[in-house]
Amino acid sequence: MRQKILTGVDRSVLVLFSLLFGITVISAGLSVNLKLTDVTLWSVGVLLIGGGSYVLTQTNLWLSPGARQLVVSWSLFIAAIVGQAVVAYQFHPAIGFDAGAVHDALRHADDINLIGYFSQNINNLPILMLFDSLAGLFQTKSWFFFDVVSIVCVDLALLINVGTMTLVQRDNWRRLLWLETVFMTVFPWILVPYTDTVVMPVVALLLLAAAGLLNSRRWSLRAIWALALVLAGVLAYFIKPSAMIPAIAVVLMIMRRIVQTQLWRDWRKMGQGLLLAIVCVATVVGTVQWGQHQIDQQTIIRVNKGLAIPPIHFMSMGVAGDGGYNERDALKMATLPKRTDKVAYSKAQLLKRLRQRGVLGYVAFLVRKQGLNTADGSFAWLREGHFFANPNDVQPWRGVAAWLTPSGRHLKDFQFLAQIWWLFLLLIICVGLRRQTDWQRLLQLGLIGAFMYLLLFEGGRSRYVIQFLPLFFLLAGSTADIAWQALNRLGQQSVWLFFGKETK
């Protein structure tokens, strides 16, 4: 009976994941980014280079597997890091929206508008405190410096992912490294230093700790990994609360393991588990209280906590329009002085919008919103309001800006290439769905939680997916061998078709 229940739960999770992920894949395949209008031959050249790097590092056509391929793989990864630095050095514009508010507060903490912003958005105080500490340590507040911080965070997350892969499926770490290297060339969000990129290494560390916890047999190692998991989860909570969703998935997988192994029958292991759980809970409580005390005592900017926006406001916005940012609601939050008034208004708007949509209308809305939340391979680049703080200072005809600015002649090339990479990554995950291990289930649970969160709260664009990218990478990397076999067979058949002989 126990095994039947577990099997039923596993199948339900797989069905739910397949449904939500299927919407993402279909929406990504239908994305406007894939339209060839204004796409130039530059895209063809970049695709050929990407294909060449795959053949060079992932097959035995040019280099036999071994030390040479590893040298080439790591050389390409390092070259991508250098490329990121060059991009940031050449193009580091002042960013608007929330990222701009955080950066501006470092220079103009007495600005009444910024005081109002942080009073309403208390959740952004931790990232402000982090950036203020870094600015003081390195004696600079330039956009270029914080772009470098963003680059370090993103690349550190990618390296941690490689380490995680060596724990869960060692044979696939080189495949994951290639996927991440390609990603680095089509990810301009390094130029937007904000919680989206800064939290990525924390999420990656959380998943590394989860892999260590699930794969360790020694009690001492499990204790170390569990504490690392707890600390990473708390840190994610302070930087970007939604980023701790994978930690919830880990807890659910631990509960599944307990039921599956009937841990309660082994009093010694059960006692160790309870002791570790008590230590973890105490650590969570202690670190959260300490962190909250630091936030309460910060002196960087004055805030009025009574103006803080309640969570239900973001749920109300998540049902309006496309489920994204709603300026009317945001302005209303600024005019209502009391928290009770903010809650009452948001609750009324949420219920009103749900009634207007009806059951079927709401289901259709969720299907469309799932696509909007996750399908854009550029992660909604340029689609935030006031994306560049000083649009007139951005010259689209110069170098990198030609690819990343609204008037740049290669903007469509960038969107096309980013979408191709994103769709490729999603398809790798699809191909590998038949492999169902505890590790795959954990990652799928984490992504289900991410999808559900974005469906219930403010979403409507794929920028919010950035924080969850380590889960996508690890899920694709865990089953990349399956996709690689299919891809290599296709390549061999193509060579045979064109040249009349089959490669070995």
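The table below lists the values:
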read-out	value
Percentage of interatomic Cα-Cα distances in region 274-390 larger than 18 Å	69
For region 171-260: rounded, prolate or oblate by the Cα gyration tensor [a/c cutoff 1.5]	oblate
Between region 299-339 and region 231-268, the Cα center-to-center distance that results, in Å	31
Measure of compaction for region 359-504 (Cα Rg per 2.2 N^0.38 Å)	1.33
Accessible surface of M200 - all protein chains present, 1.4 Å probe, nearest 10 Å²	0
Along principal axes, Cα extents of region 265-340, largest first, whole Å	58, 36, 21
When region 317-440 is reduced to its Cα atoms, the Kirkwood hydrodynamic radius in Å	18.3
Over region 61-134, volume per residue of the alpha carbon convex hull, in Å³	162
Semi-axis lengths (Å, descending) of the ellipsoid that matches the C-alpha gyration tensor of the chain	35, 31, 24
Candidate residues S150, S64: accessible-area rank, largest first, probe 1.4 Å	S64, S150
Average accessible surface area per residue within the chain, 1.4 Å rolling probe, Å²	48
Cross-link reach list, lysines versus K338, counting only Cα pairs under 29 Å and skipping chain neighbours closer than eight places	K240, K305, K347, K352
Heavy atoms of I420 accessible to a 1.4 Å probe, total area in Å² rounded to 10	60
Distance in nm between pseudo-label sites at N113 and R434 (7 Å out along the Cβ direction from Cα)	5.7
Per-residue SASA entry for H293, accessible area with 1.4 Å probe, Å² rounded to 10	100
Highest to lowest packing among 11-21, 100-110, scored as the average C-beta count within 10 Å	100-110, 11-21
Listed residues L61, L48, L134 arranged by accessible area, highest first, probe 1.4 Å	L48, L61, L134
Extent along principal axes [Cα atoms of region 84-217; Å; largest to smallest]	54, 36, 25
q = 0.12, 0.17, 0.21 Å⁻¹: log10 I(q)/I(0) that the Debye formula gives for region 1-150, counting C-alpha atoms only	-0.98, -1.03, -1.16
Alpha-carbon centroids, region 46-111 and region 365-433: separation in whole Å	16
Heavy-atom SASA rank of I115, I26, I81 (probe 1.4 Å, accessible area, largest first)	I26, I81, I115
Accessible surface of the chain, 1.4 Å probe, proportion on carbon and sulfur as whole %	65
Rounded if a/c under 1.5, otherwise prolate or oblate - region 171-218, Cα gyration tensor axes	oblate
Residues with amide H under 5 Å from that of I95, placed H, sequence gap 5 or more	A389
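The values are calculated or read from the model by the stated rules, or taken from the named source; none is laboratory data. Note that this is a predicted model, so its numbers are computed, not measured. A quick note on method: Cβ atoms are made from the backbone with ideal geometry, for glycine too, and the neighbour counts reach across all protein chains shown. Heavy atoms of the whole protein, side chains included, go into the accessibility calculation; ligands, DNA and RNA do not. Shrake-Rupley method; radii C 1.70, N 1.55, O 1.52, S 1.80 Å.
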